[in-house]
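Asks: Questions regarding the structure given below will be posed in turn.
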Amino acid sequence: MSKDDLTRVLGTWEGYRIGAAQRFEAGTKGTRAQVWIELKLLSSHRPGICSGCAEQVGAVHEYEERWVRDLPIFEAETHLLVQQRRLACPRCGPKVEKIAWLDRYARHTRRLAQSAARMCQATTIKSTAEFYGLARRTVKRIDKQYLKETLGPADLTGLEAIAMDEFSIQKGHRYATVIVEPVRKRVLWVGRGRGCKDVRPFFELLGEEGRKRLKAVAMDMNGAYEQEVRSQCPGAQIVYDLFHVVAKYGREVIDRVRVDEANRLKHDRPARKVVKGARWLLLRNRSNIARKEDRVRLSELLAANKKLATVYVLKDDLKHLWDYRYAGAARRFWKQWYGRAMRSRIEPLKAFARKLRGYLDGIVAHCRWPLHTSLLEGINNTIKVIKRMAYGYRDEEYFFLKIRQAFPGNST
């Protein structure tokens, strides 16, 4: 087989031919088998492309060589010794010649970089680095650059509805905000913090026309989010979703009543222990309780404690508010539920009902805009997986790019 045939078999290096090639088995030059290939210019007289101005240059300033990595060949690391010209560009001065398959100053070919970046999407940086025999920092740099080039800025044209939520990025109550297009299930923007100033850059990206076009925003009852949306997009309807309202009810009502009842039973230790240990049982939906003994335990607990039974039943009833598709019917249901809560004589429940009354317009808005943040809860779970795979991210920009990569959105 001639060297030209070998070039075609092993790979295409535009503008180059194989000068010499040698294989070293594992243990000779390292822990892995290696293939060393010398690449020589097909013609030293042809004009080259200046890496500075991208113009053709015929004059050569000097010749140099550098080692670069390519995709493995026959399970062996591939090391290329590339002969390269520095062109005497009349506009830029001495500049390295532009090579189609090799980025300027890079120590790896473009196809190796693309392959490593694709692998990073399915596995960790550590695994990718071990597979290709590269340094972890090199793989991270490759993947980050690939994400910047492929993702680019999010397309915000025609955007009418969004959902926004917070997620934890570090210990110590450090948060970030993720904004999603619910229809296409696409992450539009991720930024550090959860305050007004923190989310403002997204609305600045929307521009004046985009802010006017936005019609609905689904969120939890975050005062900063609400304030910024009303300031930036006064025509947008705020929609509060079921998940966060019920979660808030669990924290402020069920937990509070459970603790108060446990304290009241301090002289009845067996009963107190039952009430104290029933937290997750009371917070779960009855339909999600699979074990028969847990269902029996819940029924006995509610039968024995009137206050816990009341707040548990009203929690389930409150969820029906999101079943309505007509605002008038939803408001009538709310009025009935609110009356029951106020007649209960349970102070945490009454305080919650009074507070929730101020958010009624945003809750009833789901009748017109049936948006919810359940998609965001799924995204938050995926974010946790991404963090665990990398044992946390020190580079926030890279972390946020990985989140966008995980949720590119539906094509339609």
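Asks: Give just the number: which of (1) farther than 20 Å from HIS244 by Cβ; (2) in contact (Cβ under 8 Å) with a residue 40 or more places away in the chain; (3) out of contact with any helix residue (DSSP H, G or I) (no Cβ under 9 Å at 6 or more places or on another chain) does LYS292 not satisfy?
Replies: The number of the failed condition is (2).
Asks: Does ILE162 meet the test of being in contact with a His (Cβ under 8 Å, 6 or more places away or on another chain) and at pLDDT 90 or above?
Replies: Here the answer is no, as ILE162 does not meet what is asked.
Asks: Having 3 or more residues that are closer than 30 Å to ARG104 by Cβ and not assigned by TED's automatic domain parsing to the domain that holds GLU377 is the bar; report the helices (runs of 4 or more DSSP H) wholly within region 136-235 that clear it.
Replies: Here the list reads 136-151.
Asks: Residue check, ARG69 against (1) in a helix (DSSP H, G or I); (2) touching a helix residue (DSSP H, G or I) at 6+ places or on another chain (Cβ under 8 Å); (3) of a type in the set (Lys, Arg), all met but one. Which one?
Replies: Failing condition for ARG69: (1).
Asks: Out of curiosity, is GLU77 under 18 Å from ALA135 (Cα atoms) and assigned by TED's automatic domain parsing to the domain that holds GLN22?
Replies: Judged against the criteria, GLU77 is a match.
Asks: Would you mind finding the one in ALA309, ALA353, ALA341, ALA303 that is outside the structural domain of MET221 (by TED's automatic domain parsing), exposed (fewer than 14 other Cβ atoms within 10 Å of the Cβ) and closer than 30 Å to LEU265 by Cα?
Replies: On inspection, the qualifying residue turns out to be ALA303.
Asks: Related question: Working only within region 107-131, note down all residues that are surrounded by fewer than 19 Cβ atoms within 10 Å (Cβ to Cβ) and either aromatic (Phe, Trp, Tyr) or closer than 24 Å to ALA54 by Cβ (or both).
Replies: Selection gives ARG107, ARG110, ARG111, GLN114, PHE131.
Asks: Need pairs with beta-carbon distance below 6 Å; first residue closer than 16 Å to LYS350 by Cβ and surrounded by 13 or more Cβ atoms within 10 Å (Cβ to Cβ) and within region 246-275, second modelled with pLDDT of 90 or more and hydrophobic (A, V, I, L, M, F, W, C); sequence gap 6+ or separate chains.
Replies: Filtered contacts from region 246-275: GLU252/PHE352; VAL253/VAL311; VAL253/LEU349; VAL253/PHE352; ILE254/VAL311; VAL257/VAL311.
Asks: Tell me, yes or no, whether region 235-250 has at least one residue that is in contact with a Pro (Cβ under 8 Å, 6 or more places away or on another chain), modelled with pLDDT of 90 or more and of a type in the set (D, E, K, R).
Replies: There is no residue in region 235-250 that is in contact with a Pro (Cβ under 8 Å, 6 or more places away or on another chain), modelled with pLDDT of 90 or more and of a type in the set (D, E, K, R).
Asks: Still on this structure, I have one more. If you take the residues of region 312-328 that are over 19 Å from LEU283 (Cβ atoms) and exposed (fewer than 14 other Cβ atoms within 10 Å of the Cβ), which of them is nearest to the chain's Cα centre (by Cα)?
Replies: Out of the qualifying residues, it is ASP323.
Asks: Give me the residue from region 167-217 that is more than 18 Å from the chain's Cα centre (by Cα) and small (Gly, Ala, Ser) and, out of that set, surrounded by the most Cβ atoms within 10 Å (Cβ to Cβ).
Replies: Looking at residues that are more than 18 Å from the chain's Cα centre (by Cα) and small (Gly, Ala, Ser), I get ALA216.
Asks: Just name the residue that is modelled with the lowest pLDDT out of those in region 353-394 that are polar (S, T, N, Q) and under 30 Å from THR128 (Cα atoms).
Replies: Residue satisfying both the conditions and the ranking: ASN380.
The values are calculated or read from the model by the stated rules, or taken from the named source; none is laboratory data. Only a predicted model underlies this, so the values are computations on that prediction, with no experimental measurement involved. Counting neighbours? That spans all protein chains shown, and the Cβs are built from the backbone with ideal geometry, glycine included.
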